[in-house]
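Chemist: Below is one structure. I have some questions about it.
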Amino acid sequence: MALLEVRNLVKVYPLGESVFGGGAKGEVRAVDDVSLTIEVGETLGIIGESGSGKSTLGRLILRLIEPTSGEITFEGRDLLAAGHSQLRDLRRDMQIIFQDPFGSLDPRMRVAEVIEEPLVIHRYSDAEPIVSQRTRQGRGTRVRVAELLKAVGLDESAMQRFPHEFSGGQRQRIVIARALALRPKFIVADEPVSALDVSVGAQIVNLLAQLQREFGLTYLFISHSMPVVRYLATRIAVMHRGKIVEMGSVQEITENPRHAYTQSLLQATPEIVA
């Protein structure tokens with residue numbers, strides 16, 4: 001069953017005015033007539049070089065930026081027709097994990113506040129009045145935050161610490177815990193391991209796979225790394241210059257690539273020596 005459907009999605013950015021007064025220089029089609037479907041419980045891996053439109057596509061799907069044209073349907077609901085209050089409700093089911101785990105965390109907020117923030121915004125049903133002067137947490141959200149930290153492999157003692165006190169991999173675990181806070185169905189993971197070293201990145205990828213099994217999550221996993229996408233994805237979509245040039249199962253894409261761009265990505269992938 002389809003969880004998400006995207007039809008003919010386009011995002012155009014104007015290049016601006018000419019310095020000689022000749023009008024607009026032109027436009028960039030960051031996402032160019034993209035269509036895809038993501039089934040419940042699967043991981044669609046989006047792969048391509050920097051500038052291919054991968055991250056723009058992820059943000060368009062979540063309506064973090066508005067498309068120029070096209071259709072986006074989530075569980076049969078038209079996302080582009082949703083008003084502010086409807087979109088706010090949909091945010092419970094759709095979350096994002098950003099590339100930079102430090103840049104996506106407020107350095108002034110303790111970990112408990114970071115993870116608690118979506119619970120406060122969406123009025124989490126178990127929330128109670130403030131019980132600490134150092135954080136907005138109530139007893140209900142404190143339990144939920146502790147559960148989330150445990151789910152991502154962190155101890156409850158992390159609650160009162162600040163992001164700068166953690167390693168890059170630990171910060172990404174905090175970001176993942178925040179994304180899970182409202183029990184979403186769908187997560188866009190936008191290059192979540194590209195800022196981490198290989199061994200730590202592998203741990204995060206394994207964590208994402210584990211969480212998917214435990215919570216029945218559906219992922220759009222964006223990456224420039226074919227080995228990572230090949231490991232985690234159910235299907236792969238290859239993006240080039242704003243278009244999806246090839247899409248298929250992991251086996252189809254990696255063993256029988258049809259598009260020249262896909263072939264070049266695979267040829268650039270280093271062999272793993274045991």
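The values are calculated or read from the model by the stated rules, or taken from the named source; none is laboratory data. Worth saying up front: this structure is predicted, and the values here are computed from it rather than measured. Using ideal geometry, Cβ is built from the backbone for each residue, glycine included, and neighbour counts are taken over all protein chains shown.
Chemist: When only residues in the stretch 257-269 that are under 25 Å from the mean Cα position of the chain (by Cα) and closer than 15 Å to SER225 by Cβ count, which is modelled with the lowest pLDDT?
Modeler: THR269
Chemist: Among the residues of the stretch 162-177, is any under 21 Å from GLY48 (Cα atoms) and among the β-branched types (Val, Ile, Thr)?
Modeler: no
Chemist: Which numbered condition in (1) surrounded by 19 or more Cβ atoms within 10 Å (Cβ to Cβ); (2) farther than 25 Å from THR37 by Cβ is the only one that ALA151 fails?
Modeler: In the conditions (1) surrounded by 19 or more Cβ atoms within 10 Å (Cβ to Cβ); (2) farther than 25 Å from THR37 by Cβ, ALA151 misses (1) alone.
Chemist: Among the listed residues ILE65, ILE72, identify the single one that is more than 27 Å from ALA260 (Cα to Cα), part of a strand (DSSP E or B), in contact (Cβ under 8 Å) with a residue 24 or more places away in the chain and of a type in the set (Val, Ile, Thr).
Modeler: After ruling out the rest, the residue left standing is ILE72.
Chemist: May I ask you to say which residue of LEU232, LEU266, LEU207, LEU196 is closer than 28 Å to VAL120 by Cα and surrounded by fewer than 23 Cβ atoms within 10 Å (Cβ to Cβ)?
Modeler: After applying the criteria, what remains is LEU207.
Chemist: Quickly run through the stretch 218-274 and pick out the residues that are among the polar types (S, T, N, Q) and more than 18 Å from GLY51 (Cα to Cα).
Modeler: THR218, THR234, SER249, GLN251, THR254, ASN256, GLN263, GLN267, THR269
Chemist: Sort out which residues of the stretch 218-274 are within 13 Å of GLY45 (Cβ to Cβ) and in a loop (DSSP other than H, G, I, E, B), and write them in order of number.
Modeler: Answer for the stretch 218-274, where residues must be within 13 Å of GLY45 (Cβ to Cβ) and in a loop (DSSP other than H, G, I, E, B): HIS224, SER225, ALA233, THR234.
Chemist: For the stretch 175-187, what are the residues that are more than 14 Å from the chain's Cα centre (by Cα) and either of a type in the set (A, V, I, L, M, F, W, C) or closer than 25 Å to PRO227 by Cβ (or both)?
Modeler: Hits for the stretch 175-187 are ALA181, LEU182.
Chemist: Follow-up question, since we're still on this one. Mind checking which residues of the stretch 175-217 are outside any loop (DSSP other than H, G, I, E, B), among the aliphatic types (A, V, I, L, M) and within 20 Å of VAL40 (Cα to Cα)?
Modeler: Matches in the stretch 175-217: ILE176, ALA179, LEU180, ILE187, VAL188, ALA189, VAL205, LEU207, LEU208, ALA209, LEU211.
Chemist: Taking the stated definitions as given, is ASP190 charged (D, E, K, R), over 22 Å from ASP93 (Cβ atoms) and either within 12 Å of the chain's Cα centre (by Cα) or modelled with pLDDT under 95 (or both)?
Modeler: No: the conditions fail for ASP190.
Chemist: Which of the residues belonging to the stretch 33-48 are under 14 Å from GLU246 (Cα atoms) and surrounded by 15 or more Cβ atoms within 10 Å (Cβ to Cβ)?
Modeler: Those that are under 14 Å from GLU246 (Cα atoms) and surrounded by 15 or more Cβ atoms within 10 Å (Cβ to Cβ): VAL34, LEU36, THR37, LEU44, GLY45, ILE46, ILE47, GLY48.
Chemist: Pull up the stretch 69-105, narrow it to residues that are surrounded by 14 or more Cβ atoms within 10 Å (Cβ to Cβ) and of a type in the set (Ser, Thr, Tyr), then point me to the one that is modelled with the highest pLDDT.
Modeler: THR73
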